[in-house]
Amino acid sequence: MKPLLTICCTTYNQERYLRETLDGFLIQETTFPIEIIIHDDASTDNTVEIIKEYAAKDNRITTILQTENQYSQNIDPWANFVFPAAKGKYLALCEGDDYWTDPLKLQKQVDFLENNLDFELCFHNSKKLYQESGKFELNEASSQVAEVTTVIDLVDYCFIATLTVVLRNNFKLPKWINNSAAGTDWPLFFIQVGNGKIKRLNDVMAVYRIHENGVWTSKSELQKMQTDFSVIQDIITNKILPEAAHKKMNKKFKKLKKKMIKYRLKQFFDLRNKCR
């Protein structure tokens with residue numbers, strides 16, 4: 001049967017965490033068929049062996065195993081490899097170091113979207129796990145926003161955690177996203193939602209893992225600002241937002257630009273003082 005939903009997973013050197021991620025997929029209880037696409041970006045540890053082990057046991061799993069790292073070439077795996085292969089009417093996203101905890105997660109989200117056609121995307125609350133200390137806490141960046149939002153709200157910051165998303169597979173990503181590894185999620189949500197609505201479920205159904213090798217958490221403060229700057233600049237230049245959201249994003253861009261200048265000046269004077 002054609003899957004109603006495709007689980008989209010990307011991995012790179014995540015052998016320590018991947019089994020928990022994949023087990024979170026396999027515990028899902030749904031009344032509809034699903035498929036699981038796992039893209040590995042040329043891992044150098046045992047990640048690929050784990051993927052092959054699970055794929056051999058479950059024929060719903062499709063693997064895309066790179067022999068050359070794509071991210072380092074500014075080629076986005078989601079846009080270029082995973083999304084084009086997805087057959088589902090809906091997509092659920094998760095990276096290979098995060099995991100789902102509720103076996104009814106996908107059923108709840110698909111049920112909502114099937115019954116509410118004016119909503120394009122559904123996400124839910126999650127916890128953060130600080131790997132080094134083992135401490136859990138509620139992801140307040142997501143849980144504190146309203147239950148119904150739009151892209152105008154999303155301009156403030158990307159409050160949607162990737163691992164919590166189920167969205168309609170009804171979008172086409174432009175080439176500028178396909179060739180940028182700077183940050184796909186935020187512009188993807190803008191493009192996919194458009195003028196529609198976003199739903200947040202109160203259920204806590206997943207865990208976002210924070211560790212030193214995480215793509216985002218391993219960045220310095222300046223690197224994070226530079227990434228945001230690049231992504232926002234692309235969003236503005238390519239005019240993917242409705243007019244009201246576009247104006248709001250322009251204001252955000254100007255503030256970020258000033259913040260980066262101040263940060264660089266501070267770095268310069270701090271360095272000069274050290275050299276004296």
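No lab work stands behind these numbers, since they all come straight from the coordinates. Note that the structure is a prediction, hence the values are computed from the model and not measured. Cβ placement follows ideal geometry from the backbone for every residue including glycine, while neighbour counts extend to all protein chains displayed.
Bridging of residue 248 to lysines at a Cα separation below 26 Å is possible for 172, 175, 197, 199, 224, 239, 257, 258, 259, 262, once same-chain residues fewer than 8 apart are set aside.
For the pair residue 69 and residue 107, label points projected 7 Å from Cα toward Cβ lie 4.1 nm apart.
Taking Cα centroids, how far is region 1-28 from region 118-153 in Å? Spelled out, the Cα-based centre of one part sits 20 Å from the other.
Can you give the calculated 222 nm mean residue ellipticity of the chain, where each DSSP H run of n ≥ 4 adds -39,500 (n - 2.57) and the sum is split over every residue, rounded to the nearest 500 deg cm²/dmol? Helix-only estimate at 222 nm: -11500 deg cm²/dmol. The string of couplings for region 69-83 from the Karplus curve (6.51, -1.76, 1.60, θ = phi - 60°) is 4, 8, 4, 5, 9, 6, 10, 7, x, 4, 5, 8, 10, 7, 4 Hz, one whole number per residue in order, with x for Gly and Pro. Using a ≥ b ≥ c from the Cα gyration tensor of region 5-214 (square roots of the eigenvalues), is it rounded, prolate or oblate, where a/c under 1.5 gives rounded and otherwise the larger of a/b and b/c decides, a/b for prolate? Verdict is rounded for region 5-214.
Our summary gives the chain a relative contact order of 20 percent, counting only alpha carbon pairs under 8 angstrom and 6 or more residues apart. The simple spin-label model puts a point 7 Å past each Cα toward its Cβ; for residue 143 and residue 19 those points are separated by 2.9 nm. Sorting the segments 198-205, 168-175, 5-12 by their mean number of nearby beta carbons within 10 angstrom, highest to lowest, gives 5-12, 198-205, 168-175.
If the segment from residue 170 to residue 259 were pulled out straight at 0.36 nm per residue, it would be longer than the present Cα-Cα gap by 28.4 nm.
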